[in-house]
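Structure record follows, encoded as structure tokens.
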Number of protein chains: 4
Amino acid sequence: MFEPFSAVADRYRVIFFDAYGVLKNSKGVLPGAPAVLAGLRDQGKQLFVLTNDASRPPAQMARGYSDEVHGQLIEVEQVISSGLLATEFLRDKVRHGLAAYLGQPGSTHFIEAAGLTPIAIRDCRDAEPPLSAIVLLDDEGFDWFEDINLTVNIARRQNVPIVVANSDLAYPVGGHEVAVAVGSLANMMEGILRKTFIHCGKPDAMMFNYAYLQAQSLDPTVTKQDILMVGDTLASDILGANKFGIDTALVLSGTTQASRAAALIEASGIIPTFLCESIFT
Amino acid sequence: MFEPFSAVADRYRVIFFDAYGVLKNSKGVLPGAPAVLAGLRDQGKQLFVLTNDASRPPAQMARGYSDEVHGQLIEVEQVISSGLLATEFLRDKVRHGLAAYLGQPGSTHFIEAAGLTPIAIRDCRDAEPPLSAIVLLDDEGFDWFEDINLTVNIARRQNVPIVVANSDLAYPVGGHEVAVAVGSLANMMEGILRKTFIHCGKPDAMMFNYAYLQAQSLDPTVTKQDILMVGDTLASDILGANKFGIDTALVLSGTTQASRAAALIEASGIIPTFLCESIFT
Amino acid sequence: MFEPFSAVADRYRVIFFDAYGVLKNSKGVLPGAPAVLAGLRDQGKQLFVLTNDASRPPAQMARGYSDEVHGQLIEVEQVISSGLLATEFLRDKVRHGLAAYLGQPGSTHFIEAAGLTPIAIRDCRDAEPPLSAIVLLDDEGFDWFEDINLTVNIARRQNVPIVVANSDLAYPVGGHEVAVAVGSLANMMEGILRKTFIHCGKPDAMMFNYAYLQAQSLDPTVTKQDILMVGDTLASDILGANKFGIDTALVLSGTTQASRAAALIEASGIIPTFLCESIFT
Amino acid sequence: MFEPFSAVADRYRVIFFDAYGVLKNSKGVLPGAPAVLAGLRDQGKQLFVLTNDASRPPAQMARGYSDEVHGQLIEVEQVISSGLLATEFLRDKVRHGLAAYLGQPGSTHFIEAAGLTPIAIRDCRDAEPPLSAIVLLDDEGFDWFEDINLTVNIARRQNVPIVVANSDLAYPVGGHEVAVAVGSLANMMEGILRKTFIHCGKPDAMMFNYAYLQAQSLDPTVTKQDILMVGDTLASDILGANKFGIDTALVLSGTTQASRAAALIEASGIIPTFLCESIFT
């Protein structure tokens, strides 16, 4: 039932990797991952990381994929994060003005990179300026209790785009524990406001398309049939890549338990092209 | 288009009132409400308050409906709150054991009244006992930020009923501001856990049925056609009462703006029997 | 893990049975069912059938629960069908006028029993009269292709209650085949119209309450703790009875496969009080 | 509040048009549309039609945008239909084998264009072959009553991708009447099967991206800021284009009534860049 990952990867020229559950876990990049990436790079394959993570800028993420033997294996242009997609949206559609954000002041690079001026939601409490957008950042551990009510009320008064920097519902925090992620907060607020937010990240096609265009700019002969998406989650990695029209490998090193994989595929109708135990097998 | 409330009320022997937006607002019971209630009582009508509010016990709620002239107008047996429904569920289905709660220690009367032992979620952090139920209380202003992740993780480990003491998504906090209510938190957690919680309160039929049985115990000749539900919200008061099979009056003194009432009725297909400006007209 | 049904039933004074998957299958009432029902009756237990089935009147359904040895085991008053609930709603809320129906002319007894005048949707095509309600009947095999567009368009023009006589999404048709049921058509129409219909049947509390009141009228000492619901489907039988506050036994003789029961209970958070292989064990 | 369409269009180099409600109605292409298109073409703008319509091949659609004075104004490469997207998906992901279709034998060009062999669902009744995909075509007026149950049962047995050639819920049929569209049937089947289908068409980003790549292949200097999407529907045209990151003009010549436009924008949070009465003003 399982195929060796190396044999699967052999058939493709471009490989998209999910980060968490594939290349890393809650303790960081998996020890053997740089060697696997180096092997693929040495075969001339293009490698990309597609991650629903907006907690750090792509440059910082890229630096994590390195070791002393192989050097840096993923360049900043090869990291496509949901935060980068949020920046794209703000740059293309919103363009200028104030963007009120829910999150930590240290995470506003996604807003500034789009040419907008960030203002913390809590700084809108007493003097609420006219806004161009509201952005829900993706800060692990940020205490949004007080600010979320303020965000809801500002969104009731000002009809501006609301951008969610990560559409995931929860994130793993070690052991088998999870924490509520900003995608869940966004869904909750959409329920109260009955408005449609802009959710960045897999399974939406935008992230796959961004990576595809990057791959084509490096090698114009690349087609969709040359690309493999490797992920651990049916509902984001595999569904999104399937819809985008590229082949998919589900690895069982993350959220999908090996014992339940077949039942989940059957129940959901989300069908990966390949099943692999991990990228190391 | 609007009918006088007094003329509408004349046709019924039993009147169910929503509290917030009908009899009270964020400052408390409306000044003229006791006189209206007294007038109806003097005509021999049975009066009940059906409220999605579990922040205080029914006895305390009942005391609010009084003034110096008319005395107490609503007895404790006439207040049917979502908290009371939560107690009923815990008593009928769960019966004994520990109920871990998200909320303030002062609000656990709903759990104790059912014969269960409350334990705060945060007291389960270091030593997690076997639970019989998890209860999401309805505390205005409770800071659930830390406890919500703990609640999610306990619910992933222990498959026990999860009871939501109030199914409302938001509650008004004065001016035109709202705050996130426990019903929204419950929906968010259901999305993460993919489990079905027990939501207490309108529009579910249980609250209407409880009030109906109370009315019949006082007067066995009462039928559904003798009852009017008066509320300010289509999606809870009017939808629930319509489904339960009783007549309904939508008042425009609360969440439904007069200028948008007709459009909202048309768009939702939730049709009140009567439209009244308020209970004072 | 499984408990013998007879030992479970011993603890209760009133037993609610789902029909399909418990007492009958696509070929009719199971051969051994009358003997089981007779045994329970002889022990003095009250028996009810609660069924999401509006294709025939309760009297006709009741006659099916009989054999030569034991006679008729279920009386018409003991059959609570979703069709009966539809009649109750039409009688209590709609009361008079024309009810346009989607379905077969022979199935309109639910409308007539409520004192309304049925008119086929297709007879509204050329001369559309003012309606009091629209009713989606529960006819197996009715070809709704032509009439469904007409129903949608009438519902866009006339804002009247729309009653769904059975909330099930599909029904079994023998072998392992299913057919689209009227509950699915209703959901589809709600998506197009963005209106809220009145769905009759489990898991809604109304059906359980109706049966509960019948049980109490026969024996006023009955409480919820005296009642057991026996069903084969977590999302309707067990969820609805749990919410209503009565004990539940999931039997594995119908839609829930024995091999998957534990996983489904864990995944859904819908927890039956007891697990039994069937009513015969 | 309204801006003249010609002044809005002046600011862009590429214009994406929705077809129905913008360029055509139930009687065909609007009489003045070819002149408007010709004027834009003569200003050197690239023009595309993005349509949730898979009932005819793009070549046939393109021929409709012509008149005696101006000749053919839209070439086949400029028509991006949901059917074309379905073909792309089948070609990229499914590639070969049998595709069972729900629809008319004359509409299978989308399947054949992808290199697959179409087989009617009803021809799978007696001898069900192994399938590579199931395709729900977009045939106006096709009687799917009998075939839909067969499709559901095949999809329960064979876990293959299910492609929906048009994600719209309903389509207009003249006057103010609508008819159930294949997107509604797909949602209904997903509810019964609890599987995720591949829905082709707006608001999904894939259609916008396809058109964008076409525009760039003709003129590599085109960026997203050069493109305007013109549509009559907030939830498909405007939402999808907003998410894709291009400017939008809502025209009030189709499904969105002028009197309700402001309220719908406020209620949905889907905000067009411009509001125009029609493309003729």
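The values are calculated or read from the model by the stated rules, or taken from the named source; none is laboratory data. For clarity, every value in this text was computed on a predicted model and none was experimentally measured. Neighbour counts run over all protein chains shown; Cβ positions are idealised from the backbone, glycine included.
Structural remarks
- Hey, C:Pro272 surrounded by fewer than 17 Cβ atoms within 10 Å (Cβ to Cβ) and either assigned by TED's automatic domain parsing to the domain that holds C:Asn25 or over 20 Å from C:Leu169 (Cα atoms) (or both) or not: no
- In segment B:143-178, residue surrounded by the most Cβ atoms within 10 Å (Cβ to Cβ) [restricted to those that are in contact with a Leu (Cβ under 7 Å, 6 or more places away or on another chain) and in a helix (DSSP H, G or I)]: B:Thr151
- Given (1) in the same structural domain as D:Phe16 (by TED's automatic domain parsing); (2) in a loop (DSSP other than H, G, I, E, B); (3) surrounded by 18 or more Cβ atoms within 10 Å (Cβ to Cβ), index of the condition D:Asn209 fails: (2)
- One residue from B:Ser66, B:Ser81 being away from every other protein chain (no Cβ under 14 Å) and farther than 25 Å from C:Gly245 by Cα: B:Ser66
- Close pairs from segment A:17-36: first in the same structural domain as A:Val230 (by TED's automatic domain parsing) and aromatic (Phe, Trp, Tyr), partner in a loop (DSSP other than H, G, I, E, B) and surrounded by 15 or more Cβ atoms within 10 Å (Cβ to Cβ), Cβ under 7 Å, at least 6 apart: A:Phe17/A:Leu23; A:Tyr20/A:Gly254
- In the set B:Ala241, B:Ala211, B:Ala215, B:Ala258, only one residue is over 30 Å from C:Glu266 (Cα atoms) and without any contact (Cβ under 8 Å) to a residue 60 or more places away in the chain; that residue is B:Ala258.
- If the condition is being assigned to a loop (DSSP other than H, G, I, E, B) and more than 14 Å from the chain's Cα centre (by Cα), then segment C:50-83 contributes C:Gly64, C:Tyr65, C:Glu68, C:Val69, C:His70, C:Leu73, C:Ile74, C:Glu75.
- Pair list, Cβ under 6 Å, 6 or more apart: segment B:108-136 residue under 14 Å from B:Asn159 (Cα atoms), other residue of a type in the set (Ser, Thr, Tyr) and crowded, with 22+ Cβ neighbours inside 10 Å: B:Val135/B:Tyr101
- Condition check for D:Gln60: surrounded by fewer than 22 Cβ atoms within 10 Å (Cβ to Cβ) and under 27 Å from D:Asn149 (Cβ atoms): no
- Residues of segment A:162-178 satisfying the condition of being at the interface with chain B (Cβ under 8 Å from one of its Cβ atoms) and either under 19 Å from A:Ile198 (Cα atoms) or among the basic types (Lys, Arg) (or both): A:Leu169, A:Ala170
- Residues in segment B:196-210 that are of a type in the set (Ser, Thr, Tyr) and more than 9 Å from chain C (Cβ to nearest Cβ): B:Tyr210 only.
- Taken together, the criteria place D:His70 among residues that are more than 24 Å from D:Glu140 (Cα to Cα), of a type outside the set (Lys, Arg) and in contact with a Pro (Cβ under 7 Å, 6 or more places away or on another chain).
- Leading residue by the ranking (modelled with the highest pLDDT) among those in segment A:179-195 that are buried (at least 19 other Cβ atoms within 10 Å of the Cβ) and at the interface with chain D (Cβ under 9 Å from one of its Cβ atoms): A:Leu193
- Looking across segment A:179-196 at every residue that is out of contact with any Leu (no Cβ under 8 Å at 6 or more places or on another chain) and part of a loop (DSSP other than H, G, I, E, B), the one that is farthest from D:Ile270 (Cα to Cα) is identified as A:Arg194.
- Residue within segment D:76-95 that is in contact with a helix residue (DSSP H, G or I) (Cβ under 8 Å, 6 or more places away or on another chain), closer than 20 Å to D:Ala38 by Cβ and of a type outside the set (A, V, I, L, M) present: yes
- Checking each residue in segment D:110-135 for being out of contact with any Leu (no Cβ under 9 Å at 6 or more places or on another chain) and either among the polar types (S, T, N, Q) or more than 16 Å from D:Glu146 (Cβ to Cβ) (or both) picks out D:Glu112, D:Ala127.
- Subset of segment A:1-31 [in a loop (DSSP other than H, G, I, E, B) and farther than 23 Å from A:Val173 by Cβ]: A:Met1, A:Phe2, A:Glu3, A:Pro4, A:Asp10, A:Arg11, A:Tyr12, A:Arg13
- Residue count, segment C:222-249 (criterion: more than 16 Å from the chain's Cα centre (by Cα) and in a helix (DSSP H, G or I)): 5
- Residue in segment B:113-120 that is within 14 Å of chain C (Cβ to nearest Cβ), part of a loop (DSSP other than H, G, I, E, B), surrounded by fewer than 16 Cβ atoms within 10 Å (Cβ to Cβ) and on the phi > 0 side of the Ramachandran plot present: yes
- Qualifying residue in segment D:149-161 (condition: within 21 Å of the chain's Cα centre (by Cα), more than 8 Å from chain C (Cβ to nearest Cβ) and on the phi < 0 side of the Ramachandran plot): yes
- Taken as a whole, the condition of being away from chain B (no Cβ under 14 Å) and hydrophobic (A, V, I, L, M, F, W, C) does not apply to C:Leu213.
- Filter result for D:Pro129 (within 16 Å of the chain's Cα centre (by Cα) and more than 8 Å from every other protein chain (Cβ to nearest Cβ)): no
- Output for segment C:1-34, where each listed residue is over 19 Å from C:Thr51 (Cα atoms) and surrounded by 14 or more Cβ atoms within 10 Å (Cβ to Cβ): C:Phe2, C:Glu3, C:Phe5, C:Ser6, C:Val8, C:Ala9, C:Tyr12, C:Arg13
- Filter result (in contact with an Asp or Glu (Cβ under 8 Å, 6 or more places away or on another chain) and free of Cβ contacts under 8 Å to residues at least 40 places away in the same chain) within segment D:60-72: D:Ala62
- Count of segment B:237-281 residues which are out of contact with any Phe, Trp or Tyr (no Cβ under 8 Å at 6 or more places or on another chain) and of a type in the set (Lys, Arg): 1
- Within segment A:121-134, if we keep just the residues that are touching a Gly at 6+ places or on another chain (Cβ under 8 Å) and under 21 Å from D:Lys243 (Cα atoms), the residue that is surrounded by the fewest Cβ atoms within 10 Å (Cβ to Cβ) turns out to be A:Ser132.
- For segment B:255-281, a tally of residues being in a loop (DSSP other than H, G, I, E, B), at the interface with another protein chain (Cβ under 7 Å from one of its Cβ atoms) and hydroxyl-bearing (Ser, Thr, Tyr) returns 0.
- Being assigned to a loop (DSSP other than H, G, I, E, B), touching a residue at least 60 places away in the same chain (Cβ under 8 Å) and not charged (D, E, K, R) is a property that B:Ala86 lacks.
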